[in-house]
1. Per residue of region 448-464, in order, report the coupling 6.51 cos²θ - 1.76 cosθ + 1.60 (Karplus, θ = phi - 60°) as ³J(HN,Hα) in whole Hz, putting x for Gly and Pro.
2. At 7 Å along Cα-to-Cβ for each site, give me the label-to-label distance between Glu75 and Gln105 in nm.
3. Lys and Arg at +1, Asp and Glu at -1: add these up for the other residues within a Cβ distance under 11 Å of Ser306 and post the number.
4. Compute the separation of the alpha-carbon centres of region 388-451 and region 302-343 and state it in Å as a whole number.
5. Could you rank the peptides 214-223, 473-482, 393-402 by their average count of other C-beta atoms within 10 Å per residue, with the highest value first?
6. Roughly what % of DSSP beta bridges within the chain run antiparallel, to the nearest 5?
7. Can you tell me the FRET efficiency between Thr123 and Arg342 if r is taken as the Cβ-Cβ distance and R0 is 56 Å, rounded to the nearest 0.05?
8. Could you calculate the contour length gain from Gln220 to Arg426, that is, 0.36 nm times the residue separation minus the distance between their Cα atoms, to one decimal place in nm?
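Just so it is clear, none of the values below were taken in a lab; they were calculated from the coordinates. None of the values given here were measured: they were computed from a predicted structure. Counting neighbours? That spans all protein chains shown, and the Cβs are built from the backbone with ideal geometry, glycine included.
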Amino acid sequence: MRETVPVTADGSQGVVFPEVGGVRRTSAVGRGVVADALRAVDPVGARGAEGDTNWRRGYLVHFRRLVEAGLLSREAALTIARDGLASLYERMRFVTPDGEIPIGQAVDGAIGEPAGEPLRTETVTGPAAPRRELALPYRGERLRGDALLRQLDAWVAGGIIEASCAEAVRNVAANPDWLDLSGTRVVVVGAGAEMGPLTALLRWGADVAAVDLPRPELWQRLLATARRHGGTLRVPVSGTEREELDRRAGADVLHDLPRVAGWLVGLDGPMVLGNYVYADGADHVRVAMAVDALSTHLSARRPDVSLAFLATPTDVFAVPGEAVAEATGRYTQGRGVGRVRRPLRLLSAGRLLTRNYAPDADPGINDSLVPQQGPNYALAKRLQRWRAAVARDAGGLVSLRVAPATRTRSVLRNRLLAAAYSGAHRFGIEVFAPATSNTLMAALLVHDLVTRPAAQVHPWQDEAYAAAHGGLWRQPYAPRSVLGIAVLLGLGGART
């Protein structure tokens with residue numbers, strides 16, 4: 001089944017998929033972008049993507065191939081990233097008051113002229129003293145000091161996070177002055193996101209510029225957070241001052257990109273542009289492209305812009321040989337569900353409980369794509385990884401870290417995913433609470449901003465560094481080969 005987005009009479013605004021025959025076909029864009037990304041490095045893979053007639057199911061193979069082809073060399077990986085981004089900018093459209101143009105032209109032309117009055121800034125500064133101690137919310141406690149270090153060690157021993165992730169967090173805990181980000185403004189696009197760092201940054205006294213939709217109930221929550229902690233929240237506003245701030249706050253980066261760009265260009269001082277946006281279905285690609293256009297626009301006009309992203313663990317990654325070795329050892333031991341591996345594999349014709357990796361692979365390929373999340377989710381997250389690789393290669397400071405699977409509201413709305421998360425612990429996978437994930441990832445962001453880690457030999461190594469994948473990389477079984485079992489085991493505990 002092809003996914004489509006209807007063309008409305010009022011002409012969808014901002015970033016949109018191209019119109020073909022009266023509808024905006026997302027599958028055609030996905031196939032074309034993946035094919036274009038592969039063409040120079042893997043022409044056979046490119047033809048395979050172009051000829052796939054069932055993209056909703058077939059995309060899994062092609063998104064894996066993007067990673068495999070990139071392992072040929074550093075330049076191969078960067079070529080895939082550059083060509084994939086170029087294809088997106090050629091294909092995706094941008095609706096202006098004067099008509100529809102390729103989004104690339106919109107960016108080159110300063111994203112058009114803002115419609116309406118410029119956004120203004122309201123500043124809210126909390127009364128509390130900034131916290132200078134890293135405290136991680138975890139299972140009803142706030143872990144700090146030795147308790148935090150013990151938990152990091154336990155996660156490493158359990159294969160939940162990479163040792164480099166634990167080391168990075170230990171360094172932040174050992175250097176509380178790092179939590180003082182004075183002189184650096186963090187722009188949180190998707191400020192209300194459960195996975196975003198806004199609360200942690202405000203707790204640590206940071207200067208945060210928040211971008212999210214103009215929804216009073218959302219801004220009531222964000223403003224209450226700012227007034228409770230010790231940081232500074234800068235809010236884009238429009239309208240008259242006679243209205244309450246929560247009713248004037250907010251900006252829609254998807255539909256009002258020129259005004260958001262103008263507001264951010266006008267903010268002074270070094271800036272970290274953090275992309276934490278999420279939307280359902282095709283809108284995820286649209287808003288991810290809008291934020292990418294914003295980052296491209298700002299980076300071309302300001303030399304002091306750094307980029308920050310969270311990568312989803314439910315994607316395809318190259319992983320280090322030691323992760324492969326640990327997963328292989330666990331497969332050989334056959335504990336837990338592994339005790340019934342042989343009959344299950346026989347009954348399923350080899351589809352269940354397959355190896356996570358070929359033995360001795362270095363690097364290995366961890367394929368944790370989840371079919372239920374769909375090709376649009378995969379494309380939206382992959383374009384962020386491409387942008388991170390290209391920006392890092394150009395010498396920019398980039399923080400892209402793999403975040404753990406987390407019980408966010410968007411995940412729990414999907415009954416099958418909620419059940420899978422509930423049963424995941426049977427396979428050595430830990431699903432985190434949002435407060436744990438967002439504080440952990442905020443600490444990793446601080447680590448990157450302070451230490452400014454140099455680019456590694458190959459982009460896959462940059463992505464694998466300090467990964468908090470929740471156990472997907474080091475468990476014995478290919479994730480999709482246990483997904484159905486996890487759903488069955490977790491149905492009783494899943495929220496409905």
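1. 5, 5, 7, 8, 6, x, 6, 4, 8, 4, 10, x, 4, 6, 4, 5, 7
2. Result for the modelled spin labels: 3.4 nm.
3. Values: positive: Arg185, Arg302, Arg392, Arg452; negative: Asp304, Asp448.
Local net charge: +2.
4. With region 388-451 and region 302-343 each reduced to a Cα centre, they are spaced 13 Å.
5. On the way: 214-223: 17.0, 473-482: 23.1, 393-402: 19.0.
Ranked from most to least packed, the peptides come out as 473-482, 393-402, 214-223.
6. Bridges in the chain are about 55 percent antiparallel.
7. Numbers: r = 64 Å, r/R0 = 1.14.
For Thr123 and Arg342, the calculated efficiency is 0.30.
8. Details: separation 206, 0.36 × 206 = 74.16 nm, distance 3.92 nm.
Taking Gln220 through Arg426 to full extension adds about 70.2 nm, to one decimal.
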